[in-house]
Amino acid sequence: MNEDTGATGAEETHGADAANETNGTGPRPRPGQGPLAGLRVIDLATLFAGPLAATMLGDFGAEVIKVEHPGKPDPSRGHGPAKDGVGLWWKLLGRNKRTVTIDLSRPAGRDVLLRLAAEADVVIENFRPGTLERWGLGFEELSAVNPRLVLARVTGFGQFGPYARRPGFGTLAEAMSGFAAITGEPDGPPTLPPFGLADSIAALSTAYAVMTALAGREATGRGQVVDMAIIEPMLTVLGPHPLWYDQLGYVQQRTGNRSSNNAPRNTYRTADGKWVAVSTSAQSVAERVMRLVGRPEVIGEEWFATGAGRAAHADELDEAVGSWIAAHPRDEVVSAFEKAEAAIAPVYDVRDVLADEQYRALGSITEVEDEELGTLRMQNVLFRLSDTPGAIRWAGRPHGADTDAVLGGLGMSEAEIAALRAEGVL
């Protein structure tokens, strides 16, 4: 999301002790914790790609300072369900971040941000192009105080081009990338995902881009600008569609849960009213499935030898697989497929995820102690490192909770901070 307004302790981690340290002014990063310890990231972004990229960096030890407008908290604090008036989405998105409030559109706020940037490695922002420049906080000004600074700019459409100044949201990327056009039933409308898919993919891409830019800094000694357009990562993960069209004029159509590349591939309802998903991308798996469901004769058909051939006979294969699955309860279906070494998974909702033994073995969901809400369960850090694991040190902090501590760390006196607060800058 882009806005043209003022900027805005785990019990179990992937192998790391995530106990919080405090000094009376809020949590502080623990020296040497995580492979990115010593990296300082200033998060100026809102909803959702930029902030999530900063979260991912913080999960592996970076010190992340979240800057919000004094009167306009990050909108994610108010998105979705809340408990006791505290937004739960923010607890995830804001984890491992120290929160400060600064009105960047005011000269005094600009000065404070420049002081922060002088001691930072990365700034992540998602204002409309030209906004930071209008405030005197463009890359020219930021790099003047810190030539090694990496500025990651996350917008809907990038920093230039005819759409650059448009408001940009993940929904628009999901539409314009071609994702919605191929999602849904053949006779139904284009379908958008019920969660922030494009923002999440852009966040992963931004975290990768930041680390790439930091690696480049090791070679050049200089920082640089990361220009991340949310429409582009979404286009990339859709695969070879442009190549197919370029070379063959082929335009993929909506196929529901089926695949145009192989079959059987669908979701099927079991005898006890539950659902499973079956995939047969590999030829050997497709053959095992058909033997399992009592239709081995189709394996000898000429068309069965390729994924495209099987996809062309999806109705026949779906009827065979679907009718067999419909006659058995889910646990029996899954057990039979696993015994046959055929690919299957139950269709979960969040209750199933939290109860699943594989997620439990991986530690994919962990507990975090929070000063506002007590024990919280949330997703763990994204991946496991054998030697330098990540950790959740704390969940999302209250709005501006660490302003005094962070600015005091810049050498600002209590009187200076109080004066800025009285002026409405903090």
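The values are calculated or read from the model by the stated rules, or taken from the named source; none is laboratory data. All values derive from a computational prediction rather than experimental measurement. Please note: Cβ atoms are built from the backbone with ideal geometry, for glycine as well, and neighbour counts cover all protein chains shown. When the accessible area is computed, the model is the full protein with side chains, heavy atoms only, and any ligands, DNA or RNA have been set aside. Shrake-Rupley method; radii C 1.70, N 1.55, O 1.52, S 1.80 Å.
General observations
- For segment 38-100, the Cα-based Rg and Dmax, in that order, read 11.3, 35 Å.
- Counting all C-alpha pairs of segment 245-293, share separated by more than 14 Å (%): 62
- Across segment 116-123, computed HN-Hα scalar couplings (Karplus, 6.51 cos²θ - 1.76 cosθ + 1.60, θ = phi - 60°) run 5, 5, 4, 10, 10, 9, 9, 10 Hz from first to last residue, x flagging Gly and Pro.
- Structure-based [θ]222 nm, the chain - -39500 (n - 2.57) summed over DSSP H runs of at least 4, per residue, nearest 500: -10000 deg cm²/dmol
- Normalised by residue count, the chain yields a Cα convex hull volume of 175 Å³ per residue.
- Taking amide hydrogens as placed 1.01 Å from N in the peptide plane, the amide H of Thr99 sits under 5 Å from those of Lys66, Ala401, Asp402, each at least 5 positions away in sequence or on another chain.
- For Asp404, solvent-accessible area (1.4 Å; no DNA, RNA or ligand), Å²: 80
- Probe 1.4 Å - accessible area at Met56, Å² to nearest ten: 40
- Per-residue SASA entry for Asp331, accessible area with 1.4 Å probe, Å² rounded to 10: 110
- Short-range pairs are left out: with C-alpha atoms under 8 Å and at least six residues apart, the relative contact order of segment 265-347 is 46 percent.
- Cα gyration tensor shape for segment 165-255, rounded if a/c is under 1.5, else prolate or oblate: prolate
- Nearby lysines by direct alpha-carbon distance to Lys66 (threshold 26 angstrom, same-chain neighbours under 8 apart not counted): Lys83, Lys91, Lys97
- The largest-to-smallest principal axis extents of the Cα set in segment 265-347 are 35, 23, 20 Å.
- Given +1 at the Cβ of Lys and Arg, -1 at the Cβ of Asp and Glu and no other charges, the dipole of the chain around its Cα centre is 580 debye to the nearest 20.
- Spin-label model distance (nm) - Tyr250 vs Arg291, 7 Å beyond Cα toward Cβ: 3.0
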